[in-house]
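These notes concern the structure reproduced below.
Nothing in this text is a laboratory measurement; each read-out follows from the coordinates by a stated rule. Remember, predicted model here, so these are calculated numbers, not experimental data. Cβ: placed from backbone, ideal geometry, glycine included. Neighbour counts: every protein chain shown.
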Amino acid sequence: MKENTDKKGFKSGFVTIVGRPNVGKSTLLNLILGEKISIVSKRPQTTRNRINGIKNTNNAQIVFIDTPGLHQSKKSLNELMVKQAVATLTDVDIIVFMAEPVMPGPEDDEILKLVTKANAPVILVINKIDTVKKSELLPLIKAYSEKDFFSDITPVSCLKRDGVELLMERIVDYLPCGEPFFPPDMITDRTERFLVSELIREKLFQFTRMEIPYSSAVVVDKFEEDNKKEIIRIIASIYVERESQKGIVVGKGGKMLKLIGTRAREDMERLLGSKVFLKLWVGVKKDWTKDVKRLKEFGF
């Protein structure tokens, strides 16, 4: 993207990224920032909390809001996730609606009904275009264009890094002029403790099966920097809903927990730029995903 050094034309604003689960919202945010602040998984409903990612250029500061995927569920945890996503549609400058390269279905239409109520330009981003032929893409763009409320339609492939620079140019075009909201060296307003807990949760998605990742919560009990030894000591608890799930997370002879800890620690050291000592503990909080009190206790 071409950069403009004229500060008189500086732009800034908030951009929310919404869409169905697993369309690539977190992947897009990480790609734009050049840093991993939002965890990714091939499984849907990985993102649970609103995460702000800050992109600074010479002519703009864009605060991206990554949100949980919009979906229908009666589970207390999932209801809270959807409420968070819907809440971001207000008081933002631009809405990025992400979709996969298939014809819009009923779920897309339900999300679009919410989007149309917001008073902001809507940019449609069709992701994963590397998975379809160009001849299949044109009818899809036409179908979305006929809905007649998108300010722009940009096809991208996050996997191939194709179209992302063009998307950034389109976003800056629609941003209002204004001063930056955050310091230029800041990439997220989330704490290191939060980012660390998310990296552990990502490994649960990566290495455990079935319902385990969705029944797990991570709480960082201790985050302590030892400047003399140049190491960060982290103690974290993984909570599941049943004893049988605890056994799976720990694994035979503790092998699964060791794998989760090792891979999470490697990512933490890259993120924090420091050696990390990580200790994990697994506990049980029965049916916590359905318990509003527990949800608040775990930071939802």
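From least to most packed, judged by other beta carbons within 10 angstrom and beginning with the fewest, SER274, SER244 follow the order SER244, SER274. Measuring against 21 Å, Cα to Cα, the residue pairs LYS252/LYS279; LYS55/LYS133; LYS222/LYS279; LYS25/LYS142 contain LYS55/LYS133; LYS25/LYS142 as the ones spanning a longer distance.
For the pair THR262 and GLU146, label points projected 7 Å from Cα toward Cβ lie 5.4 nm apart. Taking other Cβ atoms within 10 Å as a rough exposure proxy, CYS158, CYS177 sort from fewest to most as CYS177, CYS158.
Two numbers describe the Cα atoms of the chain: Rg and Dmax, which are 20.2, 62 Å.
Shape of region 192-297 from the C-alpha gyration tensor: prolate (a/c of 1.5 or more and a/b above b/c, with a ≥ b ≥ c the square roots of its eigenvalues). For region 192-297, a crude dipole built from +1 on the beta carbon of Lys and Arg and -1 on the beta carbon of Asp and Glu, taken about the Cα centre, is about 360 debye to the nearest 20. Between VAL102 and LEU272, the C-beta separation translates, for a Förster distance of 45 Å, into a calculated FRET efficiency of about 0.70. With the charge dipole of the chain set up from +1 on Lys and Arg Cβ and -1 on Asp and Glu Cβ about the Cα centre, the Cα lying farthest toward the positive end among the listed residues THR27, VAL284, MET186 is that of VAL284.
Counting beta carbons within 10 Å around each of ILE129, ILE95 and listing the fewest first gives the order ILE129, ILE95. Placing unit charges on the Cβ atoms only, positive for Lys and Arg and negative for Asp and Glu, gives region 155-242 a dipole magnitude near 500 debye about its Cα centre. Under the combined filter of DSSP loop state and at most 15 neighbouring Cβ atoms within 10 Å, region 226-264 retains these GluC sites (Glu not before Pro): GLU230. With helices as the sole contributors, the chain gives -10500 deg cm²/dmol at 222 nm; each DSSP H run of n ≥ 4 counts as -39500 (n - 2.57), and the sum is divided by every residue. Rounded to the nearest 20, the Cβ-based charge dipole of the chain about its Cα centre (Lys and Arg +1, Asp and Glu -1) stands at 1340 debye.
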